[in-house]
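Engineer: The structure's right below; bear with me while I get my questions together.
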Amino acid sequence: MNRRDELAANLAEVRQRIERACDAVGRDSAEVTLLAVTKTFPAADVALLSDLGLTEFAENRDQEAGAKVAEFGALRPDASARWHMVGSLQRNKARSVVGWADQVDSVDSERLVDALARAAGRALDVLIQVSIDGDPQRGGCPLPDVPRLAEYVARKDELVLRGVMTVAPLGMSPVQAFDALQGAVTRLRDDHPTANVISAGMSGDLEDAIACGSTCVRVGTALLGSRRLASP
Ligand SMILES: *Cc1c(COP(=O)(O)O)cnc(C)c1O
């Protein structure tokens with residue numbers, strides 16, 4: 001099978017999983033964005049996914065992403081694509097990241113908010129990355145601190161708070177984690193009406209996330225295959 005057919009088959013399968021998961025809980029699948037996580041895969045794969053109708057792509061390392069976004073632009077100059085940064089981010093990379101990212105999904109500290117606002121100089125969409133278990137090793141803002149960080153983002157003219165993102169912690173069932181996230185964003189929305197994105201669910205747990213209200217699933221492996229390179 002050539003790569004295009006392989007990606008088309010994977011995409012059909014992922015879309016069917018999303019459809020079934022939505023059906024199971026009475027949700028409309030139009031509410032769930034499919035974000036293709038293309039880290040470690042070449043720009044040629046992004047071009048094929050774009051040909052197949054995907055428009056949202058995510059990367060987790062600044063250097064890899066900057067080159068890939070430029071290469072994709074050269075391959076498909078007329079395609080529309082929105083790029084997300086989903087990886088942990090050093091403040092000194094803020095300027096470089098806003099050069100290619102339309103949205104930063106991994107905002108987890110006031111210092112990073114300052115750096116992004118300074119670097120952006122325009123309306124940049126952001127998500128607060130939430131740590132459900134508060135483990136500092138894995139990044140994310142601990143759940144109880146989310147309202148304060150949201151307030152801090154909201155005070156920056158250059159940033160637009162679009163919602164929250166999480167990765168299910170290892171020692172907890174995904175449903176338990178995604179439920180906690182849904183509770184947090186419901187409260188957040190009262191103060192921040194633009195914050196309606198819940199980015200939760202990956203290749204292995206997207207059904208659980210959709211059952212818990214996710215509006216964006218971030219899928220790498222199930223679309224592109226297993227990654228040969230470790231991507232921290
Ligand atoms: C790699 C990655 C994904 C995709 O994971 P898969 O299990 O390959 O679908 C999702 N979210 C983040 C933050 C990632 O780094």
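FYI, it's all coordinate maths here, none of it is from the lab. Everything numeric in this text was worked out from a predicted model, so none of it was measured. FYI the Cβ positions are ideal-geometry reconstructions off the backbone, even for glycines, and counts take in every protein chain you see.
Engineer: Based on Cβ point charges of +1 for Lys and Arg and -1 for Asp and Glu, what charge dipole magnitude is obtained for the range 3-223 about its Cα centre, in debye rounded to the nearest 20?
Structural biologist: Roughly 540 debye for the range 3-223.
Engineer: If you place +1 on the Cβ of every Lys and Arg and -1 on the Cβ of every Asp and Glu, how big does the dipole about the Cα centre of the range 143-232 come out, in debye to the nearest 20?
Structural biologist: Here the size comes out at about 300 debye.
Engineer: Starting from the amide H of ASP108, placed 1.01 Å from N in the peptide plane, find each other amide H under 5 Å away whose residue is 5 or more places distant or on another chain.
Structural biologist: GLN129
Engineer: Right, here's the next one. Treat each spin label as a single point 7 Å out from the Cα along the C-beta direction, and report the ARG228 to ALA30 distance in nm.
Structural biologist: 4.2
Engineer: How charged is the neighbourhood of GLY140? Take every other residue with its Cβ under 12 Å from the Cβ of GLY140, and add Lys/Arg as +1 and Asp/Glu as -1.
Structural biologist: Summing Lys and Arg as +1 and Asp and Glu as -1 gives -4.
Engineer: Taking neighbour counts of Cβ atoms within 10 Å as a proxy for exposure, in what order, fewest first, do GLU207, GLU6, GLU59 appear?
Structural biologist: By the 10 Å Cβ count, ascending, the order reads GLU6, GLU207, GLU59.
Engineer: Quick check: the distance between the Cα centres of the range 1-75 and the range 181-199, to the nearest angstrom?
Structural biologist: 25
Engineer: Restricting to Cα pairs below 8 Å that are 6+ residues apart, what does the relative contact order work out to for the chain? Please round to a whole percent.
Structural biologist: Computed value for the chain: 20 percent relative contact order.
Engineer: State the three equivalent ellipsoid semi-axes of the range 126-205, derived from the C-alpha gyration tensor as the square roots of 5 times its eigenvalues, in descending order and whole Å.
Structural biologist: 21, 13, 11
Engineer: Which far-off residues, 5 or more places away or on another chain, put their amide H under 5 Å from the one on GLU56, with H placed in the peptide plane?
Structural biologist: Excluding prolines and chain starts, which carry no amide H, the hits are ALA36, ARG82.
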